[in-house]
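The values are calculated or read from the model by the stated rules, or taken from the named source; none is laboratory data. Fair warning: this is a prediction, and the values are worked out from it, not measured in the lab. Neighbour counts are summed over all protein chains in view; Cβ atoms, including those assigned to glycine, are modelled from backbone coordinates with ideal geometry.
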């Protein structure tokens, strides 16, 4: 079954739920974390509940692993052949800063590998999506176009976190004679490489599986390589939900 149209719709509905909170003129945006009464928590939970309800209706037989409901034992998860991997609001610092660079991430995992991914950026009104073997696409302003990685030029464009700078990045960048940094938040970093707006995304810091599942397949289908330290296969079939360092690249080694 082609789940993509339904998942795109679900992600965009979740985006609307987030925007309903995000666009409020609320002094409580001066928050530093997920307090129970914060706009961030309200938006996160609204998106989570909408996505889980919709996915359960669409595929009642498939389990769901969401950042907001991740307390599921490995004893249960290790038996999952296929499941949905969800981050209802990726880019919490971007949400708080109101810079618009946050996303909704939904991925379908099959045997430890992502086979479908949707990333929706509500403020940017962009939806990136891909399914295994079908290419990667971006939908914006009602128009859809195929995307692919760019052929790197003399200056390598390195996309990095706007909110989570990494001290290990300098050593990695030394291999490039010329580079420029492209700062952006959330899973949009995968999307920038996928659409050819950046050449490489090195991540030397903590991420969780729900941060990367959707972007992983979108980048692959756009022609990038995605390499996780010490893990060759079944990245999303592990007891530890934290990812190792990884590199998303359109640069030929």
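Would segment 63-78 turn up any residue that is modelled with pLDDT under 95, in a loop (DSSP other than H, G, I, E, B) and surrounded by fewer than 16 Cβ atoms within 10 Å (Cβ to Cβ)? Break it down stepwise before answering.
First, the residues of segment 63-78 that are modelled with pLDDT under 95: 67-71.
So of that shortlist, the ones also in a loop (DSSP other than H, G, I, E, B) come out as 67-68, 70-71.
Filter again for surrounded by fewer than 16 Cβ atoms within 10 Å (Cβ to Cβ), leaving 70-71.
Looking for residues that are modelled with pLDDT under 95, in a loop (DSSP other than H, G, I, E, B) and surrounded by fewer than 16 Cβ atoms within 10 Å (Cβ to Cβ), one finds at least one in segment 63-78, hence yes.
When you scan segment 226-253, how many residues do you find that are closer than 13 Å to residue 191 by Cα and without any contact (Cβ under 8 Å) to a residue 40 or more places away in the chain?
Quick first cut of segment 226-253, residues closer than 13 Å to residue 191 by Cα only: 226, 248-250.
Add one more test, that the residue is without any contact (Cβ under 8 Å) to a residue 40 or more places away in the chain, and what stays is 226.
Here the count works out to 1.
Tell me, which strands (runs of 3 or more DSSP E) wholly within segment 116-219 include 3 or more residues that are touching a strand residue (DSSP E or B) at 6+ places or on another chain (Cβ under 7 Å), free of Cβ contacts under 8 Å to residues at least 60 places away in the same chain and surrounded by 15 or more Cβ atoms within 10 Å (Cβ to Cβ)?
So the answer is 156-161, 200-203.
Condition first: out of contact with any strand residue (DSSP E or B) (no Cβ under 6 Å at 6 or more places or on another chain) and surrounded by 15 or more Cβ atoms within 10 Å (Cβ to Cβ). Now tell me which residues in segment 105-115 satisfy that. Break it down into steps so the answer makes sense when it comes.
Applying the first criterion (out of contact with any strand residue (DSSP E or B) (no Cβ under 6 Å at 6 or more places or on another chain)) to segment 105-115 yields 111-113.
Within segment 105-115, 113 is the sole residue that qualifies.
Quick check, is residue 14 surrounded by fewer than 16 Cβ atoms within 10 Å (Cβ to Cβ) and either closer than 26 Å to residue 96 by Cβ or at pLDDT below 95 (or both)? Reasoning before the result, please.
Numbers: surrounded by fewer than 16 Cβ atoms within 10 Å (Cβ to Cβ): no; either closer than 26 Å to residue 96 by Cβ or at pLDDT below 95 (or both): yes.
Considered against the rule, which asks whether it is surrounded by fewer than 16 Cβ atoms within 10 Å (Cβ to Cβ) and either closer than 26 Å to residue 96 by Cβ or at pLDDT below 95 (or both), residue 14 comes out as no.
Output the number of the condition that residue 47 fails; it satisfies all remaining conditions of (1) touching a strand residue (DSSP E or B) at 6+ places or on another chain (Cβ under 6 Å); (2) part of a strand (DSSP E or B).
Condition not satisfied by residue 47: (2).
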